[in-house]
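So the structure is just underneath, and the comments pick up after that.
The values are calculated or read from the model by the stated rules, or taken from the named source; none is laboratory data. Owing to the predicted nature of the structure, the values given are computational and were not obtained by experimental measurement. Virtual Cβ from ideal backbone geometry, glycine too; neighbours counted across all protein chains shown. When the accessible area is computed, the model is the full protein with side chains, heavy atoms only, and any ligands, DNA or RNA have been set aside. Shrake-Rupley method; radii C 1.70, N 1.55, O 1.52, S 1.80 Å.
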Amino acid sequence: MVEAWGDVPAGLLAHLNLRQARYGFIGLADYTMYPLLRPGSFVQVEEQDIPPARVVYHSEFDRPIWFLELRDGYVCSWCEFEPGRVICLPHPLSPARTREFRFPQEADLVGRVTAVAARLVNRPPPEQIARSPRQS
């Protein structure tokens, strides 16, 4: 996390509430919810029940984003919960594909994403910084 963000802003750390919420990190190669959630983002996750089936959402901001624990990692996406399965839906502009898991055998619900902290500018890799000419 520190490698991805560099120096973590003190203001961000001051607002972490470790007793009432969990936090997740969107992997640097995870484009499931891009451009809504960028790789390297922190998300705050609060426990919440699965929504009723067939809810109509009016915009991408109304639709809840869920954080799931898989047997070999995590996924953060829009989800449709059906008896015995969960369908993880990527953002329409994302290169990621829809994924389906047996629920709860292959995926556990951690909770709903309620807040996001993201870098808006990607930092260049260290090797590019070392090679770039210095400006005075």
Percent carbon-and-sulfur accessible area, segment 23-98, ignoring ligands, DNA and RNA, probe 1.4 Å: 52 percent
Cβ-based net charge around Ala107, under 14 Å, with every Lys or Arg adding one and every Asp or Glu removing one: -3
